[in-house]
């Protein structure tokens, strides 16, 4: 199992949303989007290595930099008021850790109180040791804490996704040639962001039953600038961030550690609706992590009677008959919760 999959599977159990193994925004995003990070209203996909790749945003105007690839046909901008977004500053306090199991944190360079933030004070030579006895550990460390934002009128986004899902896949696969499988698009309704983070996905094979990892404080920028925490050990199972461009010193709360929203899929044989949503609050990781296989609109359609999955209406297998389809069926989407 890939490290990003192990990490996301284990931390998903904590109920904060979809955990991203790589929370940092893509470097090629427009400056404004990079400084903000993932936003409510983003439509995009989660990559194999645990990043969120935004494609367009339904809250932004057609010509907004966030919509640099263009927008789907029949695009309608959704307008919200400030009261429609619930914000909770430092929902996770500085020094917090989120894990599927019990971990211990210990400051090695100075004496620190049991209940104190082991990441403070930070300076040259600072080292924190993290230990666990678990066989499998997914771990998120938040030296500066994290804040969260969530959409209140969830029904607005759900209905919008049901109405426009076909246009979205037609745009993403037909116009942008992204080869996105049905069920792999997400509409974001909530985010948890931090200014800094460290993640680890560890499978403990030690005969001693205990595994320990160490973080060190590293100075960035010019002399007298701030410090950031990095793992002393290296490898694909650990990561820290953000990684900064040369001359970039200002810390921004743009690192998205958790996503919440709707997973969007198309029915292979629409009867009542071409798309469907289902709350992932009632689901499990297996349903969320299952990736689609059909790529709607990836190939030119020969005629109007051919559905997006390349099957004629006459030869397509029966589709779901109502909106209470069991969750184990794969042509559904869900809400991250």
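The values are calculated or read from the model by the stated rules, or taken from the named source; none is laboratory data. Keep in mind it's a predicted model, so treat the numbers as computed, not measured. With ideal geometry, Cβ positions are generated from the backbone for all residues, glycine too; neighbour counts draw on all protein chains shown.
Summary table
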item: Residue within the stretch 79-86 that is more than 29 Å from residue 12 (Cα to Cα) and assigned to a loop (DSSP other than H, G, I, E, B) present; result: yes
item: Which listed residue, of 15, 50, 41, is at pLDDT below 95 and at positive phi; result: 15
item: Members of the stretch 88-118 found to be over 27 Å from residue 285 (Cβ atoms) and either in contact with a strand residue (DSSP E or B) (Cβ under 6 Å, 6 or more places away or on another chain) or assigned to a strand (DSSP E or B) (or both), listed by number; result: 89, 90, 106, 107, 108, 109, 118
item: All strands (runs of 3 or more DSSP E) inside the stretch 141-206 with 1 or more residues being more than 19 Å from residue 11 (Cβ to Cβ); result: 146-151, 185-194
item: Test for residue 166: is it closer than 30 Å to residue 45 by Cα and free of Cβ contacts under 8 Å to residues at least 12 places away in the same chain; result: no
item: Residue 176 modelled with pLDDT of 95 or more and buried (at least 23 other Cβ atoms within 10 Å of the Cβ); result: no
item: Test set (1) surrounded by fewer than 21 Cβ atoms within 10 Å (Cβ to Cβ); (2) touching a strand residue (DSSP E or B) at 6+ places or on another chain (Cβ under 7 Å); (3) more than 25 Å from residue 9 (Cα to Cα) - residue 121 fails condition number; result: (2)
item: Flag if residue 201 is surrounded by 14 or more Cβ atoms within 10 Å (Cβ to Cβ) and either within 22 Å of residue 25 (Cα to Cα) or in contact (Cβ under 8 Å) with a residue 60 or more places away in the chain (or both); result: yes
